Each structure stands twice: as structure tokens, then as C-alpha cells.
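Visitor: Quick one: this structure, given as C-alpha cells, is what I'll be asking you about.
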Amino acid sequence: MPILIDRNTTFIVQGITGREAVNLTRENLDYGAKIVGGVTPGRAGRDVYGVPVYDCVRDIVRRTRVEGSVVCVPPRFAKDAVFEALEHGIRLVVIVTERIPRREVAQMVELARLRGAQIIGPNCLGLISPGEAKMGGIGGPAANTRQAYTPGPVGIMSRSGGMTTEIASTLTAAGIGQSTAMSIGGDAIIGSTYAELMPLFEADPRTQAIAIYSEPGGRMEAELADWVREHRSRLPIVAFMAGRFMDEMQGMRFGHAGTIVEGREDTTAAKIERMRAAGIEVVERIEEIPALIRRKLGRAA
């Protein structure tokens, strides 16, 4: 079964008339997503590829059921947009916007917890349940998405949007499909970490293994390792750790805001050691993931 979204999930796009949001809307509709409305203040009455535009979230939820929102607004408006979605009962918010101040992201995450909602992002491409639906820019145009993502037993979590699709494409080329893939965001503070998402994959009977793309910086890998060990996860996990060169090149930045290495525990070597100690396999190259996943699933080569 899909995680968080399926073919019946209804969602809106906040900031729908922006250039990036217009493209995202088209790509999601072409994949079969059910977008029931969009929000841009002052643009009510227009439409984007047949999706009606409203001035506020309230006007949409009064008319129809809304389960999720993709937030595609400029950084200075992101907190207000997310708060508006959460306060009107939306339980899944995908934040595409990047460069949102950390303090405001922390406030969004706290409100989501209080409201029992799930945030994916910010600075992410969203999520997809192959063959069902996608929310966000993950996979790009629908034709490319269908080529890269196929239904199957492997969940994917990645701090990089592009690498989410790279892993899926590599698995698909090897004949291994995916259950749900998530681009969780590359910022220092995000709405859903590996460990926080693990219970969803753990509870999904379709998911039989997980592939992860990770980077230097932050505590997510340590938290994941602790979760796997403490909960005795049934799922074999294969991880690729990017940025190993940073351990030997002090002061080098990797790219994402979340890759700031503040101490030894944030280095790639320490992360790899911690994950391996918890039974998580760490590969040297992305291309190694399918063969290892196949062995974990007990399939013939």
C-alpha cells in the first residue's frame, strides 16, 4: 500500500500562479494527481490547467475535501502559507520553497506536531507512490517520472531531490520497483527526518527494504541508526553516503544548508560507522544498491 498519498489523495498548490508552481501543477496533473484547487491572493477566479484559483485556503476547504498542500511561495511568505494550511485542517504539507529562515521552519514543524500533521521539506521535491500519485516536482515531467519510478517493494528517502530519482531510476533499470520515494529536503531543519518516517515504512506491508541517499552534516543518520537498533526494524536498509571527501578537506561546503559539519559525529566517517553498527549497509557507489537490495530481498541475481 502507498505511504501518505495514493491515487485518491486530494491536494492544493499554494502559490499556484508562480512559474515553478505552474510547471509543477502540470506535471502532477499529467501523472494523475488530484489537485482540487490553488491559492494565490488576488488571483481568485483564474485557473491553471483547469485547476481553479482561490484567494485563500479557507475558500477551498469550504467547497471540497483537501488532504494535502504543496507550498510553492517565495520564502518570505512560506510560514504564513504553511500556517494557513495547518490551521485549516490540512494534514500533509510538502514545502518546495527553499531559503526559509531556520526559526520559521522550526515554528512550522512545531505547529504541525501540535496539529497532528506531517511536513515534508522544506527545500524538497516532494514524494511519490509510483503508479498512484505524486506531490511536488519529484521525477519531473510525467513521462520521465513513469520511466524512473515503477511500483515495487523498496522505499526511498533522500536529502537530495535529484538523487531520489537517480536511486529510483537505478533500481528500476535493475527490475526493482519502489513503494514510496521521498525527497525530504536538504536544510538543517526539516519537517520529517529518516527516523520520523521509518514507522510509516515499517507499517507498510508492501515495503520490504529501504534505500537512502545521505550527506555530511546533521544528526539524521545517528537518529536513524538509533531507531533501527531500538525498534529492531524488520526492513533491511542500504545507504549511500555522499561527500566523503569533506572529511579530508576542512572548510569545504557540500551544497545543501544541512551539510554543515559541526563536529566529528557529523563527518561521513562517523555516520558510516554508526549506521554499519546498527546493521545498515553502506555502499561506495549508487550502482551497487540494486544488487545489495536484491540479496536482502532474497532474490536471484
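The values are calculated or read from the model by the stated rules, or taken from the named source; none is laboratory data. Remember, it's a predicted structure, so these values are computed and weren't measured experimentally. Glycine gets a Cβ as well: all are built from the backbone with ideal geometry, and neighbour counts include every protein chain shown.
Visitor: For the range 190-221, which positions are modelled with pLDDT of 95 or more and either farther than 17 Å from Ile3 by Cβ or of a type in the set (A, V, I, L, M) (or both)? Explain how you work it out, then say what you get.
Guide: Our first condition is that a residue be modelled with pLDDT of 95 or more; within the range 190-221, this holds for 190-213.
If the condition is that a residue be modelled with pLDDT of 95 or more and either farther than 17 Å from Ile3 by Cβ or of a type in the set (A, V, I, L, M) (or both), then Ile190, Ala195, Leu197, Met198, Leu200, Ala203, Ala209, Ile210, Ala211, Ile212, Tyr213 are the ones that fit.
Visitor: Another question, then. Before we move on, is Leu224 hydrophobic (A, V, I, L, M, F, W, C), modelled with pLDDT of 60 or more, closer than 22 Å to Pro122 by Cβ and not in a strand (DSSP E or B)?
Guide: For Leu224, the condition - hydrophobic (A, V, I, L, M, F, W, C), modelled with pLDDT of 60 or more, closer than 22 Å to Pro122 by Cβ and not in a strand (DSSP E or B) - is met.
Visitor: Right, here's the next one. Does Thr25 satisfy being in a loop (DSSP other than H, G, I, E, B) and of a type in the set (Ser, Thr, Tyr)? Steps first, please.
Guide: Values: in a loop (DSSP other than H, G, I, E, B): no; of a type in the set (Ser, Thr, Tyr): yes.
Criteria not met by Thr25.
Visitor: Out of all the residues in the range 26-39, is one or more among the aliphatic types (A, V, I, L, M), at pLDDT 95 or above, outside the structural domain of Thr180 (by TED's automatic domain parsing) and surrounded by fewer than 16 Cβ atoms within 10 Å (Cβ to Cβ)?
Guide: For the range 26-39, residues among the aliphatic types (A, V, I, L, M), at pLDDT 95 or above, outside the structural domain of Thr180 (by TED's automatic domain parsing) and surrounded by fewer than 16 Cβ atoms within 10 Å (Cβ to Cβ): absent.
Visitor: Looking at the range 127-140, is at least one residue of a type in the set (A, V, I, L, M, F, W, C), surrounded by fewer than 20 Cβ atoms within 10 Å (Cβ to Cβ) and in contact (Cβ under 8 Å) with a residue 12 or more places away in the chain? Before you say what the answer is, go through the steps one by one.
Guide: Initial filter on the range 127-140 (of a type in the set (A, V, I, L, M, F, W, C)): 127-128, 133, 135, 138.
Then keep just the ones that are surrounded by fewer than 20 Cβ atoms within 10 Å (Cβ to Cβ); that gives none.
No, the range 127-140 has no match at all.
Visitor: Residues in the range 60-77 that are exposed (fewer than 14 other Cβ atoms within 10 Å of the Cβ) and either charged (D, E, K, R) or not assigned by TED's automatic domain parsing to the domain that holds Thr97 (or both): how many?
Guide: Adding up the residues that qualify gives 4.
Visitor: Mind counting the residues in the range 175-189 that are touching a residue at least 60 places away in the same chain (Cβ under 8 Å) and either in contact with a strand residue (DSSP E or B) (Cβ under 8 Å, 6 or more places away or on another chain) or within 20 Å of Asp6 (Cβ to Cβ) (or both)?
Guide: Of the residues in the range 175-189, 7 are touching a residue at least 60 places away in the same chain (Cβ under 8 Å) and either in contact with a strand residue (DSSP E or B) (Cβ under 8 Å, 6 or more places away or on another chain) or within 20 Å of Asp6 (Cβ to Cβ) (or both).
Visitor: If you scan the range 29-43, which residues turn out to be part of a loop (DSSP other than H, G, I, E, B) and over 21 Å from the mean Cα position of the chain (by Cα)?
Guide: Thr40, Pro41, Gly42, Arg43
Visitor: So Thr259 clears everything in (1) surrounded by 19 or more Cβ atoms within 10 Å (Cβ to Cβ); (2) modelled with pLDDT of 90 or more except one condition, right? Which one?
Guide: For Thr259, the exception is condition (2).
Visitor: Then there's this: Which is free of Cβ contacts under 8 Å to residues at least 40 places away in the same chain, closer than 27 Å to Ala181 by Cβ and touching a Ser or Thr at 6+ places or on another chain (Cβ under 7 Å), of Tyr31, Tyr49?
Guide: It is Tyr49.
Visitor: So which residues in the range 198-221 are free of Cβ contacts under 8 Å to residues at least 60 places away in the same chain, assigned to a helix (DSSP H, G or I) and buried (at least 23 other Cβ atoms within 10 Å of the Cβ)?
Guide: The one that is free of Cβ contacts under 8 Å to residues at least 60 places away in the same chain, assigned to a helix (DSSP H, G or I) and buried (at least 23 other Cβ atoms within 10 Å of the Cβ): Glu221.
Visitor: Taking the conditions exactly as written (outside the structural domain of Ala291 (by TED's automatic domain parsing), touching a helix residue (DSSP H, G or I) at 6+ places or on another chain (Cβ under 8 Å) and within 25 Å of Val82 (Cβ to Cβ)), does Ile138 satisfy them or not? Write out each step before concluding.
Guide: On the way: outside the structural domain of Ala291 (by TED's automatic domain parsing): yes; touching a helix residue (DSSP H, G or I) at 6+ places or on another chain (Cβ under 8 Å): yes; within 25 Å of Val82 (Cβ to Cβ): yes.
Against the criterion (outside the structural domain of Ala291 (by TED's automatic domain parsing), touching a helix residue (DSSP H, G or I) at 6+ places or on another chain (Cβ under 8 Å) and within 25 Å of Val82 (Cβ to Cβ)), Ile138 qualifies.
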